[in-house]
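Worksheet: the structure to be examined is printed underneath.
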Amino acid sequence: MNRPAQRPLPDAGLVDFDRYLDDRIDEGQFAVHRDIFRDEFLFDLEMKYIFESNWVFLCHASQLPKPHDFFSTHIGRQPVLVTRNAASELKAFLNTCTHKGSLVCLNRSGNRKFHSCTYHGWTFDTNGRCVSIKDHADAAYTPAFEAHSHDLQAVPKLAEYRGWIFASLNADVVPLEQHLGDARVFIDLLVEQAPGGMELVRGNASYTFPGNWKMQVENCLDGYHLNIAHKGFIEITRRRIARAGAAYKGPDIEAMFGINLKTGSFGLKNGHALFFTENPAPEFRPLWPQREQLAERLGAGRAKWLLQYGRNLTIFPNVQCTDNAVIGQFRVLRPLATNLTEMEIYLWVPVGEPPEARRQRLRQYEDFFNISSTGTPDDFGAYRNCQEGMQARAVEWLQGHGRGMGRMVRGANDYARELGIEPETCSEGPLNMSDETLFHANYRQWLRLMKEGQRRELAARAPD
Ligand code: FES
Ligand SMILES: [Fe+2]
């Protein structure tokens, strides 16, 4: 064993994280301080205490289905390699060579029995074992050196829930199922919509936007921006309808606001949240022709939740799945800096669906969600404007977390009872209410994890 490295003494005082959240919901007050979107020192602490100390989403099982498939990604700032070994068991390692630290795997995904480092050729198998040190026999290593493990370092916790693969660099996290809690009900709905299972379609778009990662966490759950930020899309839809008349096949977003559909939200435990909207035109969903089989297979209640309600789910802190008016999209976010975030977006599809349904899904995805679509660029334009606007330092608090508070309930409402879940808060109302209470769950978890991380770090540094 190597000797432990010397730890630096604490150099700064305690951070009072409570000052960033004004959480007094009993008095009708909840606000978030703008510094958590713009202060660089907080970004480093978020990486350490949120991303590198808790469960984060890595990838979906369909991205590495076969023995020796691999997928490289990150946990916070740290490079990670996920593999399947010969027995198809999932493994995850820090993607850093034990020799001089190079990334071992430079590719995003593929199939490889051995990963050979491109610097000096040390080679590792899909169990992370170092199987070859180039010119080992002539190396004149000492017995002390030979006694070290040269294997890749395993990620302490790796677990899968229904094909969604998560990991943690902290061995002390709660079991994954406990962490996901009631969010599992919505993952189940996403997974069970096809009898043969669901997968991410091959190919995806990756991009960065010049804004803080929490803007993306919020935006996925934000119905309020839809007919303002995306008014270009609404105008395009209006023209399509005018041109095609009764032959137009697709949802009319403008009309959705006109009839003020029913919506609701759940602030779930551990920072997860869900926003749902009644679907005005479920017949445009690729699943619609299978509605009878769905009701038979899943029961009328679950089939209703699948077809009649669009659902936008966030699993805090880094994965989101929307399954709304038309189709499903998967989003994985990675913070790169206070004001820079990387996004990977995928289309979420039933395995082996009929070509016509797949074609419809792909076209709808390209239309609104893909990077070159009529929708997604609006969002990151908005993030950039928020990030820049928030540089106005004299303004401290956001006013973006209060809509719906007057109708919020603690614990379950009828919608939650129907699903058998126990959210921290629920809200329901017309589409124009555009609830913002579900973000409270995200920020409460942010605060909890930041305080817990600081406590843990100080305890580890305290003299015996
Ligand atoms: S850094 Fe990997 S073999 Fe040298
Ligand atoms: Fe948007």
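The values are calculated or read from the model by the stated rules, or taken from the named source; none is laboratory data. Being a predicted model, the structure only gives us computed values, none of them experimental. Because the Cβ atoms are built from the backbone with ideal geometry, glycine has one as well, and the counts that use them run over all protein chains shown. SASA here: full protein model, heavy atoms, side chains in, ligands and nucleic acids out. Shrake-Rupley method; radii C 1.70, N 1.55, O 1.52, S 1.80 Å.
Among the listed residues Gln360, Gln399, identify the single one that is out of contact with any strand residue (DSSP E or B) (no Cβ under 9 Å at 6 or more places or on another chain), more than 16 Å from ligand 2 (Cβ to nearest atom) and open to solvent by 40 Å² or more (accessible area, probe 1.4 Å).
Numbers: Gln399 fails: out of contact with any strand residue (DSSP E or B) (no Cβ under 9 Å at 6 or more places or on another chain).
Going through Gln360, Gln399 in turn, just one is out of contact with any strand residue (DSSP E or B) (no Cβ under 9 Å at 6 or more places or on another chain), more than 16 Å from ligand 2 (Cβ to nearest atom) and open to solvent by 40 Å² or more (accessible area, probe 1.4 Å): Gln360.
Select from region 105-116 the residues that are closer than 21 Å to Gln78 by Cα and in a loop (DSSP other than H, G, I, E, B) and write down the one among them that is least open to solvent (accessible area, probe 1.4 Å).
The extreme case among them is Cys105.
Looking at region 266-299, which of its residues are of a type in the set (S, T, N, Q) and not in a helix (DSSP H, G or I)?
Going residue by residue through region 266-299, those that are of a type in the set (S, T, N, Q) are 270, 277, 279, 290, 293.
Those that are of a type in the set (S, T, N, Q) and not in a helix (DSSP H, G or I): Thr277, Asn279.
Would you say Gly163 is at positive phi, crowded, with 17+ Cβ neighbours inside 10 Å and away from ligand 2 (no atom under 16 Å from the Cβ)?
Details: at positive phi: yes; crowded, with 17+ Cβ neighbours inside 10 Å: yes; away from ligand 2 (no atom under 16 Å from the Cβ): yes.
In short, yes.
Given (1) within 16 Å of ligand 2 (Cβ to nearest atom); (2) part of a helix (DSSP H, G or I); (3) open to solvent by 20 Å² or more (accessible area, probe 1.4 Å), identify the lone condition not met by Ala242.
The failed condition is (1).
Does any residue of region 333-341 turn out to be open to solvent by less than 10 Å² (accessible area, probe 1.4 Å) and within 29 Å of Gly429 (Cα to Cα)?
no
How many of the residues in region 227-239 are open to solvent by 40 Å² or more (accessible area, probe 1.4 Å) and touching a Phe, Trp or Tyr at 6+ places or on another chain (Cβ under 8 Å)?
The number of residues fulfilling the criteria is 1.
Please verify whether region 373-391 includes one or more residues that are more than 16 Å from ligand 2 (Cβ to nearest atom), closer than 28 Å to Lys214 by Cβ, touching a residue at least 24 places away in the same chain (Cβ under 8 Å) and assigned to a loop (DSSP other than H, G, I, E, B).
Taking every residue of region 373-391 in turn, at least one turns out to be more than 16 Å from ligand 2 (Cβ to nearest atom), closer than 28 Å to Lys214 by Cβ, touching a residue at least 24 places away in the same chain (Cβ under 8 Å) and assigned to a loop (DSSP other than H, G, I, E, B).
If I ask for residues that are more than 19 Å from Gly223 (Cα to Cα) and either crowded, with 23+ Cβ neighbours inside 10 Å or modelled with pLDDT of 95 or more (or both), which ones from region 261-315 would you list? Lay out the reasoning, then the answer.
Start the filter on region 261-315 by keeping residues that are more than 19 Å from Gly223 (Cα to Cα), which leaves 269-270, 283-304.
Lys269, Asn270, Arg285, listed by residue number.
For region 265-302, enumerate the residues that are among the aliphatic types (A, V, I, L, M) and either more than 22 Å from Gly429 (Cα to Cα) or in contact with a Ser or Thr (Cβ under 8 Å, 6 or more places away or on another chain) (or both). If you could, list the steps in order and put the result at the bottom.
First pass over region 265-302, keeping only residues among the aliphatic types (A, V, I, L, M): 268, 273-274, 281, 287, 294-295, 298, 300.
Residues satisfying the conditions are Ala273, Leu274, Leu287, Leu294, Ala295, Leu298, Ala300.
Can you find, within region 125-164, the residue that is nearest to the chain's Cα centre (by Cα) among those that are of a type in the set (Gly, Ala, Ser) and under 16 Å from Ile75 (Cβ atoms)? Walk me through how you get there before you give the answer.
Going residue by residue through region 125-164, those that are of a type in the set (Gly, Ala, Ser) are 128, 132, 137, 139-140, 144, 147, 149, 154, 159, 163.
So of that shortlist, the ones also under 16 Å from Ile75 (Cβ atoms) come out as 128, 154, 159.
Numbers: Gly128: 27, Ala154: 22, Ala159: 16 Å.
It comes out as Ala159.
May I ask you to verify whether Glu292 is acidic (Asp, Glu) and over 26 Å from the mean Cα position of the chain (by Cα)? Please lay out each step first, then the result.
Values: acidic (Asp, Glu): yes; over 26 Å from the mean Cα position of the chain (by Cα): yes.
For Glu292, the condition - acidic (Asp, Glu) and over 26 Å from the mean Cα position of the chain (by Cα) - is met.
List the strands (runs of 3 or more DSSP E) that sit entirely inside region 300-346 and contain at least 3 residues that are farther than 26 Å from Pro280 by Cα.
Values: elements: 309-315, 319-323, 328-337.
Filter on region 300-346 gives 328-337.
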